[in-house]
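Q: Attaching a single structure in structure tokens format; questions to follow.
The values are calculated or read from the model by the stated rules, or taken from the named source; none is laboratory data. This one's a predicted model, so the numbers in the text were calculated from it and none came from an experiment. Cβ sites come from the backbone with ideal geometry, for glycine too, and all protein chains shown count toward neighbours.
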Amino acid sequence: MARTLQDILKLCEEKGVKIVDFKMTDIDGRWRHLSIPVERLNEDTMKYGIGFDGSNYGYAPVESSDMVFVPDLDSAVIDNFAKIPTLSMIGDVMIIDLPENRPFDQYPRNVAKRANEYMRSLGVADTMIVGPEYEFYVFDGVHFENRPESCGYGIDAVQAEWNSASCDNNNGYAVAHHAGYHTSLPMDVTNDLRSKMCLMLEDWGVKVKYHHHEVGGCGQLEVEVELGEMTAMADGTMVAKYIIKNAAVEDGKTATLMPKPVKGEAGSGMHVHMLLVKDGKPVFYDENGYAQLSETAMYFIGGLLEHAASLCAITNPSTNSYKRLIPGFEAPVTIGYAMANRSAVVRIPAYAKSPMSKRFELRNPDATCNPYYAFAAILMAGLDGVERKIDPHAKGWGPFDCNLFELPEEQKAKLGGLPASLGEALDALEKDHEYLTRGGVFPERLIELHIAKHRAEAEKVERAPHPMEFAMYYDL
């Protein structure tokens with residue numbers, strides 16, 4: 001049931017709330033926020049919103065940078081990390097206009113909503129269901145610097161094997177390199193922290209499936225959540241990142257969702273499971289299809305693989321993303337699909353057998369993406385496959401029941417691969433983005449800004465001397 005303002009004010013009174021906090025998403029997918037005393041929350045807030053200057057959020061210039069934030073009452077939750085009793089809400093951003101304000105077309109939540117509207121206009125489905133998996137590292141400390149005379153970084157984790165010879169707080173239970181998967185107590189020193197994170201996620205309305213230690217021995221963890229409606233799960237992804245980082249700090253540690261923070265260890269992805277529903281019925285299920293997938297599901301996969309390279313510019317938008325997308329670490333690099341095959345870009349889980357759970361996952365995304373843009377782009381790519389009837393089998397993309405890393409190089413070349421760098425992904429997006437702009441889902445100026453912004457980031461990294469370059473070339 002949708003909440004009313006009176007419901008929220010009653011909640012504030014019951015919980016002794018003093019401050020109401022509004023969280024907005026910038027172009028990169030970071031939360032920013034502004035706060036008001038609870039007494040200022042009234043009908044005018046809901047009708048006229050809270051004004052702010054949107055030019056500082058990274059979006060392309062519009063005719064007016066004066067925008068208003070309108071809270072979503074159903075998102076209201078007590079913020080666990082604020083010392084003063086605080087109610088938190090997300091919402092939508094509008095451009096001030098006459099006679100009525102209008103949705104800001106570049107705002108991430110608005111893009112996701114338009115993608116849903118476009119899907120419904122095609123009659124393919126009325127709901128997209130997604131389930132992201134959150135992989136991340138928790139360290140005991142981190143430092144980094146980028147100065148003209150010095151650059152570098154350092155991390156530490158008490159549980160890591162590199163501390164096995166330490167005399168400080170060493171109990172002898174280090175986790176070996178690449179051996180952390182499902183490790184148990186006493187090696188699993190972050191077990192209680194993960195449980196704390198998961199209970200907080202439940203309090204914020206994000207349903208948790210399970211949590212566990214991941215492969216990376218120096219503190220790689222995973223929290224997997226139940227599937228839900230696409231825009232709601234983008235909201236939930238913002239919540240998850242907020243809770244993961246703040247709970248770690250509260251515990252005296254630090255968390256990162258960087259795709260590849262540790263050389264030689266497993267990278268952290270954000271695999272996205274997906275399925276479509278129409279009139280309460282599964283669109284992707286066919287008892288007689290490959291892996292019990294329908295023709296529509298196969299076309300959807302075809303769209304994902306057809307646009308895999310340009311999608312990467314949105315689902316993997318950091319230079320660090322491409323340090324994860326390399327062979328040998330269960331991260332996909334060759335375009336293809338298969339059942340229960342973790343080397344494929346699209347994997348069909350063998351355990352999802354019921355009609356309403358029949359789905360597949362896209363394995364290349366990572367959590368440096370803006371989840372609203374990423375989920376919307378994934379939907380638009382899949383819908384293009386359905387509209388154009390792109391058959392992934394006819395394209396030679398599978399199904400593969402072998403390790404794609406072990407295919408002959410000649411066959412890999414025929415299949416094509418994911419971009420090897422952010423620059424390559426941005427080149428692909430520049431050439432291939434018409435499918436994103438259909439129905440006005442992604443404004444052209446947003447795509448142009450995304451490309452320009454991330455090209456500048458890539459150049460910034462490429463132009464900086466790297467410590468490995470000193471090791472390789474200093475004596476030449």
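One line per residue, one yes/no per condition, for (1) exposed (fewer than 12 other Cβ atoms within 10 Å of the Cβ); (2) in contact (Cβ under 8 Å) with a residue 40 or more places away in the chain:
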site: VAL111; (1), (2): no, yes
site: ALA115; (1), (2): no, yes
site: ALA125; (1), (2): no, yes
site: HIS143; (1), (2): yes, no
site: GLU149; (1), (2): yes, no
site: GLY152; (1), (2): no, yes
site: ASP156; (1), (2): no, no
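Q: Another question, if that's okay. Within segment 182-214, track down each residue that is in contact with a Gly (Cβ under 9 Å, 6 or more places away or on another chain), part of a strand (DSSP E or B) and surrounded by fewer than 18 Cβ atoms within 10 Å (Cβ to Cβ).
A: Matches in segment 182-214: LYS209 only.
Q: Another question, if that's okay. Identify, from the list SER318, SER357, the residue that is surrounded by fewer than 23 Cβ atoms within 10 Å (Cβ to Cβ) and under 17 Å from VAL272 (Cα atoms).
A: Criteria check complete, one pass: SER357.
Q: Exactly one condition in (1) surrounded by fewer than 17 Cβ atoms within 10 Å (Cβ to Cβ); (2) of a type in the set (A, V, I, L, M); (3) closer than 30 Å to SER35 by Cβ; (4) out of contact with any strand residue (DSSP E or B) (no Cβ under 9 Å at 6 or more places or on another chain) is not met by ALA176; state its number.
A: Against the list (1) surrounded by fewer than 17 Cβ atoms within 10 Å (Cβ to Cβ); (2) of a type in the set (A, V, I, L, M); (3) closer than 30 Å to SER35 by Cβ; (4) out of contact with any strand residue (DSSP E or B) (no Cβ under 9 Å at 6 or more places or on another chain), ALA176 comes up short only on (3).
Q: Return the residue satisfying two criteria in turn: it lies in segment 213-253 and is in contact with a helix residue (DSSP H, G or I) (Cβ under 9 Å, 6 or more places away or on another chain) and of a type in the set (Asp, Glu), and of such residues it is farthest from TYR137 (Cα to Cα).
A: GLU229
Q: While we're looking at this one, here's another question. How do the strands (runs of 3 or more DSSP E) wholly within segment 63-168 filter down when requiring 1 or more residues that are under 30 Å from LYS253 (Cβ atoms) and either under 22 Å from the mean Cα position of the chain (by Cα) or outside the structural domain of LEU276 (by TED's automatic domain parsing) (or both): which remain?
A: 86-89, 127-139
Q: Then there's this: State yes or no: is ALA255 surrounded by 22 or more Cβ atoms within 10 Å (Cβ to Cβ) and in a strand (DSSP E or B)?
A: For ALA255, the condition - surrounded by 22 or more Cβ atoms within 10 Å (Cβ to Cβ) and in a strand (DSSP E or B) - is met.
Q: Same structure, new question: Tell me which of these VAL225 doesn't satisfy, since it passes every other one: (1) surrounded by fewer than 22 Cβ atoms within 10 Å (Cβ to Cβ); (2) among the β-branched types (Val, Ile, Thr); (3) over 18 Å from ASN246 (Cα atoms).
A: It is condition (1) that VAL225 fails.
Q: Which residues, taken from segment 258-291, are touching a strand residue (DSSP E or B) at 6+ places or on another chain (Cβ under 6 Å) and in a helix (DSSP H, G or I)?
A: ALA291
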